[in-house]
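Asks: Have a look at this one.
The values are calculated or read from the model by the stated rules, or taken from the named source; none is laboratory data. All values reported here derive from a predicted model rather than from experimental measurement. Every residue, glycine among them, receives a Cβ derived from its backbone with ideal geometry; neighbour counts consider all protein chains shown.
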Ligand code: ADP
Ligand code: MG
């Protein structure tokens, strides 16, 4: 039986339009998802030049009939959905019938496919939507799709692609999103004849190990603890890293009903569960799988979006946080955190309420230069800076010479020792204070651009932009809405006049979004932080004696100058005792 039918127009129109294939990674996603929908048990991905010249996906799934093979390349041809309402109870991956026609519109596609019940298979070739040939062929059961020279007929798109390294990373990211939810399917990933991944079928944990583990080292997954909570609303399972094994660069994955999703709000739930347990800058790695009735989520049907709305986000936040905390509680009774203080650290026991600050006693002579995080003063500490909040800042004004070392550090004497100052961060803290001041009291100076720049934004960011626009104008941006999906930037704050404006604004939006900055105070902090980061003197810049003096004096006038607003160390001291010790013998 042929199983493909055409979608009625009414359904087709309900489906959000949008470009399906933006880069090799989106092509990979569509092809591999098709293989999984076709019940493949082994999917092989073969890539050349990061997908620029070749992207091939070979599966051992159900294959297609001769007729289906041809129909599959028609727009809105799908075997997976019949009615609009099916869209909302979706369980299969693809459902729009858009992928194959989109791919073959922008590449040279050759496909062979055979069903188990057929003796011969079908070979089909299409170049840039142009039918080349369809023939009977002999081939194994399953489907083999070869996409060559992606965007061969769309030079703009080709130019838009990043370096091979970046595109390969995009391909792998997309690949991980899929393989982590299909542990029972074997996958192979080959790039330029090198096998990058050979993933046998197994459990979720084995899959995580196979993808991220290093066979030569200790098992990667042994640094994780399992979480598992079943409620009527949602079931949550997966793995979260033990606090002592957290790293700066974390693997953070949420999946819902077998799909990868991004979810900044739930990320916050996990981070909250760890609060007080991670050193500054450290992030928890996790692989968390949600299962929930499809009626209570809104799968964004745009093919390239990974955000998903839940009907009951606050309840799930609580469930998730409690679940992670419970798992951590079991394994952190005796915390192994190696922190360089003389203080005793007491991790709070798991409870349903947000954790209060960890209880500590600190040797006050150790290092009096840490202050609390000023960006999130009301929130749980993001690192250890909360430990030092009551320690006094030294009152002394610095009058000695300021030396520069390695283009990065400033060194200046003080009565109790030598102060080492991180130059870029020092400047960033100074600028942050000034930007915050401009946002709340004065106006920033604006520099008109010679050529206005256009900033095109996706819908969700347009809304966000509307919200923060008045503050951007206060701080010195001259920005106007141009169309329903773009803004024009005509002027920028004087301090960043030498940067190109679009990335700076994009960075601001990204930060506001990622930090979930919902109040004016919060987004102002993110705006100030982002601009300070862009405008601060870069590492490696040689400063004159005057500039060095000026920076140190402006830094030390700040109410808190030993840490950046986002918690990084600015000042470190080598005490006189320590100096003396070095010359004892
Ligand atoms: P969708 O996946 O949204 O249905 P596609 O354009 O990706 O749309 O695919 C169209 C149809 O082609 C699918 O519905 C399916 O019937 C068929 N198809 C695509 N890839 C495969 C495959 N690897 N194995 C079997 N059938 C496939
Ligand atoms: Mg599909």
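Asks: If you take the residues in segment 35-67 that are within 15 Å of ligand 2 (Cβ to nearest atom) and assigned to a helix (DSSP H, G or I), which one is modelled with the lowest pLDDT?
Replies: 37
Asks: Taking the condition under 29 Å from residue 266 (Cα atoms) and touching a strand residue (DSSP E or B) at 6+ places or on another chain (Cβ under 9 Å), does residue 457 pass?
Replies: Answer is yes for this residue.
Asks: Given the options 235, 222, name the one that is more than 20 Å from the chain's Cα centre (by Cα), at pLDDT 90 or above and not in a loop (DSSP other than H, G, I, E, B).
Replies: 235
Asks: Kindly provide the set of residues from segment 127-142 that are closer than 22 Å to residue 41 by Cα and either within 13 Å of ligand 1 (Cβ to nearest atom) or touching a helix residue (DSSP H, G or I) at 6+ places or on another chain (Cβ under 6 Å) (or both), ordered by number.
Replies: Once the filter is applied, which keeps residues that are closer than 22 Å to residue 41 by Cα and either within 13 Å of ligand 1 (Cβ to nearest atom) or touching a helix residue (DSSP H, G or I) at 6+ places or on another chain (Cβ under 6 Å) (or both), segment 127-142 yields 139, 140, 141, 142.
Asks: If you don't mind, another one. Take the conditions within 12 Å of ligand 1 (Cβ to nearest atom), touching a strand residue (DSSP E or B) at 6+ places or on another chain (Cβ under 8 Å) and modelled with pLDDT of 60 or more and apply them to residue 70. Does it pass?
Replies: Spelling it out, residue 70 is indeed within 12 Å of ligand 1 (Cβ to nearest atom), touching a strand residue (DSSP E or B) at 6+ places or on another chain (Cβ under 8 Å) and modelled with pLDDT of 60 or more.
Asks: Of the conditions (1) at pLDDT below 80; (2) more than 8 Å from ligand 1 (Cβ to nearest atom), residue 78 clears all except one; give me its number.
Replies: Of the numbered conditions (1) at pLDDT below 80; (2) more than 8 Å from ligand 1 (Cβ to nearest atom), the odd one out for residue 78 is (2).
Asks: Moving on. Being surrounded by 15 or more Cβ atoms within 10 Å (Cβ to Cβ), under 29 Å from residue 267 (Cα atoms), free of Cβ contacts under 8 Å to residues at least 40 places away in the same chain and outside the structural domain of residue 119 (by TED's automatic domain parsing) is the requirement here; does residue 209 meet it?
Replies: In short, yes.
Asks: May I pose another question? Out of all the residues in segment 260-271, which are in a strand (DSSP E or B) and surrounded by 18 or more Cβ atoms within 10 Å (Cβ to Cβ)?
Replies: Once the filter is applied, which keeps residues that are in a strand (DSSP E or B) and surrounded by 18 or more Cβ atoms within 10 Å (Cβ to Cβ), segment 260-271 yields 260, 261.
Asks: Inside segment 81-126, can you point out the residues that are at pLDDT 50 or above, outside any loop (DSSP other than H, G, I, E, B) and either in contact with a helix residue (DSSP H, G or I) (Cβ under 8 Å, 6 or more places away or on another chain) or within 9 Å of ligand 1 (Cβ to nearest atom) (or both)?
Replies: The answer is 99, 100, 101, 102, 103, 109, 111, 113, 122, 124, 126.
Asks: Given the criteria assigned by TED's automatic domain parsing to the domain that holds residue 152, in contact with a helix residue (DSSP H, G or I) (Cβ under 8 Å, 6 or more places away or on another chain), farther than 29 Å from residue 196 by Cβ and modelled with pLDDT under 95, does residue 29 qualify?
Replies: Here the answer is no, as residue 29 does not meet what is asked.
Asks: Give me the helices (runs of 4 or more DSSP H) completely within segment 491-585, filtered to those with at least 3 residues that are surrounded by 19 or more Cβ atoms within 10 Å (Cβ to Cβ), ordered by residue number.
Replies: Hits in segment 491-585: 501-514, 520-535, 545-556.
Here is a yes/no grid of residues against (1) touching a residue at least 60 places away in the same chain (Cβ under 8 Å); (2) within 29 Å of residue 26 (Cβ to Cβ); (3) surrounded by 19 or more Cβ atoms within 10 Å (Cβ to Cβ):
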site	(1), (2), (3)
181	yes, yes, yes
185	yes, yes, yes
195	no, yes, no
201	yes, yes, no
233	yes, no, no
239	no, yes, yes
245	no, no, no
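Asks: All but one of (1) within 16 Å of ligand 2 (Cβ to nearest atom); (2) modelled with pLDDT under 90; (3) part of a loop (DSSP other than H, G, I, E, B) hold for residue 2; which doesn't?
Replies: Of everything listed in (1) within 16 Å of ligand 2 (Cβ to nearest atom); (2) modelled with pLDDT under 90; (3) part of a loop (DSSP other than H, G, I, E, B), residue 2 misses just condition (1).
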